[in-house]
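The values are calculated or read from the model by the stated rules, or taken from the named source; none is laboratory data. The model shown is predicted, which means the values in this text are computed figures rather than measured ones. So basically every Cβ, Gly included, is an ideal-geometry build from the backbone, and we count neighbours across all protein chains shown. Areas reflect the complete protein model, heavy atoms only, side chains present, ligands, DNA and RNA absent. Shrake-Rupley method; radii C 1.70, N 1.55, O 1.52, S 1.80 Å.
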Amino acid sequence: MLKKMMALSGSLLLTVGLLSGCGSGGGTDASKESAGGKEDLKTVTINMFTASPEYTDAFNAYIEEYKKVKPNVKINLEIMQADYNTILKSKIASGSTPDVFQTTAGGDIDTYADYSADLTNEPLATAMTDAVRANMSSSDGKVLGLPVKGNLFTLIYNKDLLTKAGVTSPPKTIAEMQDAVTKLEAKGITPFANAYKEWWVWKHIFQHYVDAAAQDAGVEPKQLVSDFIAGKAKIKDYPVLYNNFFNFIDLTVKHGTDKPLERDSNAEVSDFASGKAAFMTGKGAWDEEAIKKINPDLKIGIMGYPVSDKADQSVIITGADQALRINKDSEVSKETIEFFNWLYTSEYGKNWFSQVAKVIPPIKDAPLPDLEMPKEMESILKTSKSGDLSVNYSLDTFHQKFGELMQAYISGNMNKDQAVAEIEKAWVQLGSAQ
């Protein structure tokens, strides 16, 4: 089975001490008779193994809250920051699959299907938004994952800097973006902050162009990605990919912050938040709190990438790219499902996403966090559709290689045609678990 698995997006290495008791996955121990002569409920231990240290405090909060609902349920939380996928494979191979574990969504929903409980008919599945439920569903339509959060992928901009440069509205076409770059530089403003040291920012940009290429070809993004994975499609046959994407990357390098291959995610956030650049590439809603810690007064805007000369192809992308899975063979699968049904349907759970985790809720009828980007997303989606989260249709083994190839391209170690050939090869070799 392990040959079906892939590296998880943004694998992280930070081990957090086990919470709320101890014990191996699925273990239970009956308490003895109480003073009143009646046997208490059995103590149930649920082991969670995740790769999201940024939500450690938020996870701990719902664990503590659930103690009030089910005092007999203890939840051990183990979080790792790097080599997560390697450790997860090891646990599964040794027969000690955690009761709850984390994977990427999309293609990995099928990769780990043999280990995942079917949640299709559970209240938590009904609670999910349509886009998120699709990201959590296998190829045969079964809901096999739980969203860690909803997400937003977008080009982020500084409203005040665009206004200062005379850019009256966010550019939606290539020509409008080129005009904005000219106006920004005329005012001494660097157009782009990049984090091209990171491999994962590249997939966030590229997926906008994949969506547009699929639209031009009259197919769904999932089908186009499948064709690339099968070796049936060629990048040169899609001008949005072969020309527009590479031209945009060239534009961001030429008119961006210095030494792009030395700028990581934190450096990009710092560059943008301190007003050193007008646009921030490859990112999304998860960066808002970090930006605001540096500059609470910065007015943030979100926009689609100007991928072509068609304004309607410039759209934001929403969905869920990370999933929690419940081990179908766990001795406490019933109690684990009950726990997540509570989180996704209770009043506490509805508010947990926005007020505690401060993320875009992946469920219906839940309030948005008090942040600018989610609120602007809500406004945009009243009149516009969001794009397809097409990163989900390829495994992160491919996306990591893709990022490395693009780094080689902008460093000058590989020309465009060489990069394209290697990307196509990597898509076939690493794009799916088959």
### Task
Between Asp365 and Lys334, take the C-beta separation as r, use R0 = 30 Å, and let me know the FRET efficiency to the nearest 0.05.
0.70
### Query
Tell me, how many Å apart are the Cα centres for the range 294-340 and for the range 209-240?
23
### Message
Based on C-alpha coordinates, I'd like the Rg and Dmax of the range 350-434, in Å.
### Response
18.7, 50
### Query
What number, rounded to the nearest 500 deg cm²/dmol, is the helix-based mean residue ellipticity at 222 nm of the chain, given -39500 (n - 2.57) per DSSP H run of at least four residues and division by all its residues?
-11500 deg cm²/dmol
### Task
Determine the per residue accessible area of the range 54-181 with all protein chains present and a 1.4 angstrom probe, expressed in square angstrom.
38
### Task
Note down the Stokes-Einstein diffusion coefficient of the range 246-315 in µm²/s, whole number, using a Kirkwood radius over alpha carbon pairs, 4 °C, and 1.567 mPa s.
97
#### Entry: Rounded, prolate or oblate (a/c below 1.5 giving rounded, otherwise prolate when a/b exceeds b/c) for the range 203-341 by Cα gyration tensor
oblate
### Query
Can you give the accessible area per residue of the range 244-318, in Å², using a 1.4 Å probe?
39
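For a test of the definition: using alpha carbon positions, the gyration tensor, and the 1.5 limit on a/c, classify the range 154-274 as rounded, prolate or oblate.
Details: a/c = 2.48, a/b = 1.66, b/c = 1.49.
Since a/c reaches 1.5 and a/b is larger than b/c, the shape of the range 154-274 is classed as prolate.
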### Task
With +1 on each Lys and Arg Cβ and -1 on each Asp and Glu Cβ, and nothing else charged, work out how big the dipole of the chain is about its Cα centre, in Debye to the nearest 20.
240
### Query
What Rg and what Dmax come out for the range 281-434 when only alpha-carbon atoms are used, in angstroms?
19.7, 56
### Listed pairs Lys183/Lys259; Lys187/Lys310; Lys164/Lys283 exceeding 26 Å between Cα atoms
Lys187/Lys310
### Task
Report, ordered by chain and residue number, the lysines lying within cross-link reach of Lys234, taken as a straight Cα distance under 17 Å and ignoring same-chain residues fewer than 8 apart.
Lys222, Lys416, Lys425
### Query
For the range 276-327, what is Rg from Cα atoms divided by 2.2 N^0.38 Å, rounded to two decimals?
1.52
### Task
Would you mind estimating how fast the range 171-226 diffuses translationally, via Stokes-Einstein at 25 °C and 0.890 mPa s with the Kirkwood radius over Cα pairs, in µm²/s?
181
#### Entry: Distance between modelled label sites at Glu220 and Thr120, nm, 7 Å Cα→Cβ extension
1.6
### Query
Which percent, to the nearest 5, of DSSP beta bridges fully inside the chain are antiparallel?
60
## Note on the structure
In the neighbourhood of Leu119 defined by beta carbon distances under 13 Å, the net charge of the other residues (Lys, Arg +1; Asp, Glu -1) is +2
### Query
Mean separation of Cα pairs under 8 Å and 6+ residues apart, divided by the residue count of the chain: what relative contact order is that in percent?
24
### Task
Calculate what fraction, in whole %, of the accessible area of the chain sits on carbon and sulfur atoms when a 1.4 Å probe is rolled over the protein chains.
48
### Accessible area in square angstrom per residue, the range 381-434, 1.4 angstrom probe
48
### Length-normalised contact order of the range 79-227 in % [C-alpha pairs under 8 Å, at least 6 apart]
12
### Task
Starting from one equal scatterer on each C-alpha and no solvent at all, send me the Debye-based log10 I(q)/I(0) for the chain at q = 0.06, 0.07, 0.08 Å⁻¹, two decimals.
-0.26, -0.35, -0.46
### Query
Which net charge results when you count Lys and Arg as +1 and Asp and Glu as -1 among the other residues whose beta-carbon is under 13 Å from that of Phe340?
-1
### Query
How many percent of the alpha carbon pairs in the range 69-141 exceed a separation of 15 Å?
64
### Message
At q = 0.15, 0.18 Å⁻¹, what log₁₀ I(q)/I(0) does the range 80-215 have when each alpha carbon counts as one equal point scatterer in the Debye sum?
### Response
-0.91, -1.08
### Full-extension gain in nm, Leu41 to Lys310, via 0.36 nm per residue minus C-alpha separation
90.6 nm
### Query
What number comes out for the charge environment of Asn244, summing +1 per Lys or Arg and -1 per Asp or Glu over other residues with Cβ under 11 Å away?
-2
### Task
Round to the nearest 0.05 the FRET efficiency obtained for Gln429 and Asp57 when R0 = 60 Å and r is the Cβ-Cβ distance.
0.95
